[in-house]
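S.K.: Following this message is one structure expressed as structure tokens.
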Amino acid sequence: MIFFKLFLSFLQIGLFSVGGGYAAIALIREQTVDINMWLTAAEFSDLTTIAEMTPGPIAINAATFVGIKIAGFGGALAATLGCITPSIIISSLLAFIYYKYKGTDTVKSVLKSLRPVTIGLILSAGLTLLQTALFNGTDISASSLDILNLVLFVIAFITLRTKKLSPVPTMLICGVLYLIISLLLQLVIK
């Protein structure tokens with residue numbers, strides 16, 4: 001039963017995550033944290049970080065991670081197959097339709113109308129991750145604000161925008177800075 005539930009949950013993610021991996025993050029969170037309660041908000045944040053750092057699509061990495069956590073290798077297989085099945089079917093159909101009708105105004109209009117939806121899904125995922133990182137997933141208030149995470153976020157954002165560094169070294173540098181500052185703060189507090 002759990003294999004079928006994993007398959008169906010990630011089938012929905014694969015089916016409705018128009019726009020790629022980052023757009024799928026909000027859907028993955030809904031299925032894994034809100035609906036099925038397979039992960040906590042903190043675990044989901046960790047999952048997103050791991051899924052972004054490992055090679056391959058975020059949704060596939062997330063499906064594999066959640067599947068293994070919930071039901072071992074069989075769970076990973078069920079969740080991953082659920083995630084990729086819609087893509088295989090839809091991509092095959094769309095490729096056929098696109099190559100047959102790519103010059104028509106209808107196809108151009110449909111593709112143009114999907115852009116705002118994709119931007120909305122990515123924005124929703126980004127805001128959810130920001131809330132988890134800056135407020136530990138709790139209600140947004142000044143008392144629950146994690147100042148260290150906010151400072152690192154601002155530094156990383158400015159660095160990515162001005163220095164054009166790759167996100168991977170920026171994440172590694174922020175991780176090392178967080179570790180060093182956290183250790184120093186613990187030493188000062190003791």
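S.K.: Within the stretch 16-37, can one find any residue that is over 12 Å from the mean Cα position of the chain (by Cα), surrounded by fewer than 23 Cβ atoms within 10 Å (Cβ to Cβ), modelled with pLDDT of 90 or more and not in a helix (DSSP H, G or I)?
M.R.: There is at least one residue in the stretch 16-37 that is over 12 Å from the mean Cα position of the chain (by Cα), surrounded by fewer than 23 Cβ atoms within 10 Å (Cβ to Cβ), modelled with pLDDT of 90 or more and not in a helix (DSSP H, G or I).
S.K.: Go over the candidates LEU94, LEU177 one by one and state the one that is free of Cβ contacts under 8 Å to residues at least 40 places away in the same chain and outside the structural domain of ILE13 (by TED's automatic domain parsing).
M.R.: Exactly one residue qualifies, and that residue is LEU177.
S.K.: If you go through the stretch 52-70, how many residues are in contact (Cβ under 8 Å) with a residue 24 or more places away in the chain and either crowded, with 18+ Cβ neighbours inside 10 Å or not in a helix (DSSP H, G or I) (or both)?
M.R.: 9
S.K.: Working only within the stretch 73-114, note down all residues that are within 20 Å of PHE44 (Cα to Cα) and surrounded by 11 or more Cβ atoms within 10 Å (Cβ to Cβ).
M.R.: Correct list: GLY75, ALA76, LEU77, ALA78, ALA79, THR80, GLY82, CYS83.
The values are calculated or read from the model by the stated rules, or taken from the named source; none is laboratory data. The structure presented is a predicted model; accordingly, all values stated were derived computationally and were not measured. Backbone-built Cβ (ideal geometry, glycine too); neighbour counts: all protein chains shown.
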